[in-house]
Amino acid sequence: MTKPEGGDGSARRRPGSTDVARLAGVSQKTVSRVLNDEPYVKEEVRLRVQAAMRELGYRRNDAARALNSGRTKRIGVVCLGTALFGPSTQLVAIERALRTTGYSVSIVNTLEGDTIASAVEHLLEQGVDGIILSEPIDGGDQSIDVDLPVLSFGRFPGLRAKPGLDTGGDNVGAGRSATEHLLELGHRTVWHVAGPQRWWAARDRLEGWRQALAAAGAPEPPVLQGDWLPASGYEAGRELAANPDVTAIFIANDDMAVGVLRALTEAGRRVPEDVSIVGFDDIPAARFLTPPLTTVPQDFDLHVERGIARLVTEIESPTGDRSPTPEPPPLRLVVRRSTTSA
């Protein structure tokens, strides 16, 4: 291949698709097809075009493409900016899934006190094609009214979008299942260490716990409040360890369960012989604890891939026939050695 000359020897302009076409010996339309990964391009031609792009240092002009298509090929993500296992793992899964779709990502977090609504407004100013709410929390009377697709990984009552796609996992069912497991082992009741109640996921797990107790006719003990972190689980665990009536605990996430486990051990309450515990998330350390933790795993990759596939479909085929909203992936308990019969 022979590169196009720069003319007068001055700094060359940025190479365009016409330069790629000339160097590869194909039409500009063929270059466009290769760029858009369209079918019906011979592999030999595709490789030749890609080689020409590398040789020229060609980069796609996204601004021009946006003008031509009316889309920026960019999706905005609102996240909480936290290192907590669930949100951070979900954000990695979002970035990975979007990379395979050809969309770039703009991320705005609300860690510094911004509201979700203001974060969405910031993304709208960037001209995104769609928005993802990665871990909705209750922001009071917040409402979001936007004229583009929004994917929410969880409930957000104030969302009004065209369309709004809610793909939250079944935290209520999972909380119910975790509690039922302990009741079926013969425990008279199950205590609960809840997550912060601004989080819809924490509220739903609490609701699932309550539903299971009510269905079994079991007494409902007072709820202990945590903040998702091990230290809060440790403080709750110290209080629970001092109560001889406590024989079973459902904890709203594994990090707090680590704290509960340490507090029980320090107090001489054996797990599971004296107290059975169940966590939530299945963090990487869960199966290496002593004893290995019974917990509810979340398949973040599957959950995210399904949601983003729906979002991209809505962006690219807004007037097409919509398939029914799929059921959220079931969250199934993984039983390890932290639970046993009462």
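The values are calculated or read from the model by the stated rules, or taken from the named source; none is laboratory data. The model shown is predicted, which means the values in this text are computed figures rather than measured ones. Reconstructed Cβ throughout: ideal geometry from the backbone, glycine too, with neighbour counts over all protein chains shown. Ligands, DNA and RNA are excluded from the accessible area calculation, which covers all protein heavy atoms including side chains. Shrake-Rupley method; radii C 1.70, N 1.55, O 1.52, S 1.80 Å.
Residues that are farther than 30 Å from residue 312 by Cα, within 24 Å of the chain's Cα centre (by Cα) and of a type outside the set (Gly, Ala, Ser) do not occur anywhere in region 211-223.
Return the residues of region 169-196 that are part of a helix (DSSP H, G or I), open to solvent by 10 Å² or more (accessible area, probe 1.4 Å) and either under 15 Å from residue 338 (Cα atoms) or not small (Gly, Ala, Ser) (or both); say none if nothing qualifies.
Going residue by residue through region 169-196, those that are part of a helix (DSSP H, G or I) are 171-184.
Now narrow it down to the ones that are open to solvent by 10 Å² or more (accessible area, probe 1.4 Å): 171-173, 176-177, 180-181, 183-184.
Within region 169-196, 171, 172, 176, 180, 181, 183, 184 qualify.
Taking (1) closer than 30 Å to residue 35 by Cα; (2) at pLDDT 90 or above in turn, residue 89 satisfies each apart from (1). The single condition among (1) surrounded by 20 or more Cβ atoms within 10 Å (Cβ to Cβ); (2) assigned to a helix (DSSP H, G or I); (3) modelled with pLDDT of 95 or more that residue 207 does not satisfy is (1).
Within region 36-64, can you find the residues that are surrounded by 11 or more Cβ atoms within 10 Å (Cβ to Cβ), at pLDDT below 75 and in contact with a helix residue (DSSP H, G or I) (Cβ under 9 Å, 6 or more places away or on another chain)? Answer for region 36-64, where residues must be surrounded by 11 or more Cβ atoms within 10 Å (Cβ to Cβ), at pLDDT below 75 and in contact with a helix residue (DSSP H, G or I) (Cβ under 9 Å, 6 or more places away or on another chain): 60, 61. Taking the listed residues 306, 310, the one that is touching a strand residue (DSSP E or B) at 6+ places or on another chain (Cβ under 7 Å) and at pLDDT below 95 is 310, with no other qualifying. Of all residues in region 74-119, exactly one satisfies the criterion of being crowded, with 18+ Cβ neighbours inside 10 Å, farther than 23 Å from residue 312 by Cα and among the hydroxyl-bearing types (Ser, Thr, Tyr), namely 110.
Results for (1) in contact with an Asp or Glu (Cβ under 6 Å, 6 or more places away or on another chain); (2) assigned to a helix (DSSP H, G or I); (3) under 23 Å from residue 203 (Cα atoms), shown as yes or no for each residue.
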position	(1), (2), (3)
227	no, no, yes
239	no, yes, yes
246	no, no, yes
257	no, yes, yes
261	no, yes, yes
265	no, yes, no
271	no, no, no
304	no, yes, yes
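For region 263-288, the set of residues classified as open to solvent by 50 Å² or more (accessible area, probe 1.4 Å) and in contact with a helix residue (DSSP H, G or I) (Cβ under 6 Å, 6 or more places away or on another chain) consists of 267 only.
Of the residues 169, 139, 173, only one is closer than 22 Å to residue 206 by Cα and modelled with pLDDT of 80 or more; which?
Values: 169 fails: modelled with pLDDT of 80 or more; 139 fails: modelled with pLDDT of 80 or more.
The conditions single out 173.
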